[in-house]
1. At a 1.4 Å probe, what is the % contribution of carbon and sulfur to the accessible area of segment 107-242?
2. Would you give the gap between the C-alpha center of segment 1-67 and the C-alpha center of segment 174-232, rounded to a whole Å?
3. At what distance in nm do the modelled label points of residue 181 and residue 224 sit from each other, each positioned 7 Å from its Cα along Cα→Cβ?
4. Taking only the alpha carbons of segment 80-119, what extent do you get along each of the three principal axes, in Å, biggest first?
5. About the Cα centre of segment 107-242, how large is the charge dipole given +1 on each Lys and Arg Cβ and -1 on each Asp and Glu Cβ? Please answer in debye to the nearest 20.
6. How big is the dipole moment of the chain about its Cα centre under a simple scheme where the beta carbon of each Lys and Arg is +1, that of each Asp and Glu is -1, and everything else is neutral? Debye, nearest 20, please.
7. Quote the Stokes-Einstein diffusion coefficient, in whole µm² s⁻¹, for segment 107-242, based on the Kirkwood radius over alpha carbon pairs, a temperature of 25 °C and a viscosity of 0.890 mPa s.
8. With point charges of +1 on the Cβ of Lys and Arg and -1 on the Cβ of Asp and Glu, referenced to the Cα centre of the chain, which listed residue (248, 194, 133) lies farthest in the positive direction of the dipole?
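The values are calculated or read from the model by the stated rules, or taken from the named source; none is laboratory data. Computed from a predicted model, the values in this text were never measured in an experiment. When we count neighbours, we look across all protein chains shown, and the Cβ atoms used for this are built from the backbone with ideal geometry, even at glycine. Calculation scope for accessible area: heavy atoms of the full protein, side chains included, ligands and nucleic acids excluded. Shrake-Rupley method; radii C 1.70, N 1.55, O 1.52, S 1.80 Å.
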Amino acid sequence: MTDTPDQYGVAGHPVAHSWSPFIHGIFAKETGQSMVYRLYDFTPEEFRERVVEFFQGGGRGLNVTLPHKVAAVEVANELTPRAARAQAVNTLALQGDGRLLGDNTDGAGLVRDLCDNFNVVITRRRILIIGAGGATRGVIAPLMALEPLELIIANRTAEKARTLAGDFQDLGPVSGVGFAYVPGGTFDVIINATSASLSGEVPDIPVGVIGEDTVCYDMAYGKADTAFIQWAVQQGCSHALQGWGMLVEQAAESFRVWRGVRPPTGPVLAALKERAARV
Ligand code: NDP
């Protein structure tokens with residue numbers, strides 16, 4: 001008789017583009033964990049019901065991706081402090097007592113990639129985040145912990161940016177604006193946290209925000225440069241980075257939450273880039 005591997009997966013809509021099964025497959029092999037990891041395309045209307053079904057059917061853990069990160073807060077029975085702060089969940093983990101824990105590993109993943117992998121400095125720098133969705137919610141507190149000079153959230157729907165900034169006022173100088181009202185001058189770090197790249201679009205932000213030393217980071221990623229990366233390079237950016245490292249680092253943190261072991265990320269990142277180049 002063979003043991004059934006533990007079931008994990010990622011729930012999103014759309015989700016077919018996700019590399020998470022590939023990443024967690026390598027993590028499982030490297031750490032000797034018996035698990036399978038699958039894609040689950042759940043629409044917003046069915047999200048809650050299908051998540052409950054997944055865990056009632058023996059599932060052990062789910063990653064949650066767009067557009068469900070905020071909805072997943074309500075599905076969890078309890079939240080880690082970082083998920084409670086973000087009011088967004090990207091990791092659901094079944095606990096021994098049957099309760100569902102909601103966590104958020106996006107911020108840890110972004111900061112690890114930016115600061116450890118790429119040596120980007122946040123402290124006393126001007127930071128612009130474009131987008132005010134679930135991913136932005138997860139990264140504000142970890143970025144503010146590094147004490148930037150200011151952090152501006154710019155969003156197509158200005159009201160969402162203002163509300164989000166209001167939720168994090170206690171952490172320091174965070175403000176929210178519409179695209180037309182991004183304050184003047186160049187920024188040291190610009191993070192694209194919109195889903196615009198998924199449809200080949202570029203957020204309509206002012207061109208003057210990029211200077212000679214500006215680092216532009218697209219949370220989205222692709223085998224070729226994303227639309228945002230192409231735009232940044234056209235504006236003269238010489239440090240334009242895609243979100244592959246964030247993807248792998250946040251996944252490693254989710255894996256640690258589920259399995260109690262943190263897998264090494266370097267080999268997965270190398271395998272991912274090689275694989276993506278071949279697809
Ligand atoms: P959400 O659906 O929660 O939010 C989407 C955001 O994108 C909103 O702010 C929305 O603005 C904005 N947006 C969508 N289309 C456009 C457009 N054409 N122009 C301008 N703004 C637009 O998504 P998430 O926050 O969960 O994810 C955002 C992105 O980050 C995705 O590309 C996702 O793949 C990526 N991501 C990558 C991670 C990684 O590990 N590398 C981890 C997490 C996310 P509005 O409010 O006006 O609708």
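1. On the way: 2840 of 5940 Å².
Ligands and nucleic acids excluded, carbon and sulfur give 48 percent.
2. 30 Å
3. Modelled inter-label distance: 3.7 nm.
4. The Cα atoms of segment 80-119 stretch 41, 19, 12 Å along the principal axes, largest first.
5. On the way: 9 positive and 14 negative charges, 36 e Å.
The calculated dipole for segment 107-242 is roughly 180 debye.
6. Working: 24 positive and 30 negative charges, 62 e Å.
So the magnitude is around 300 debye.
7. 169 µm²/s
8. It is 248, whose Cα lies furthest towards the positive end.
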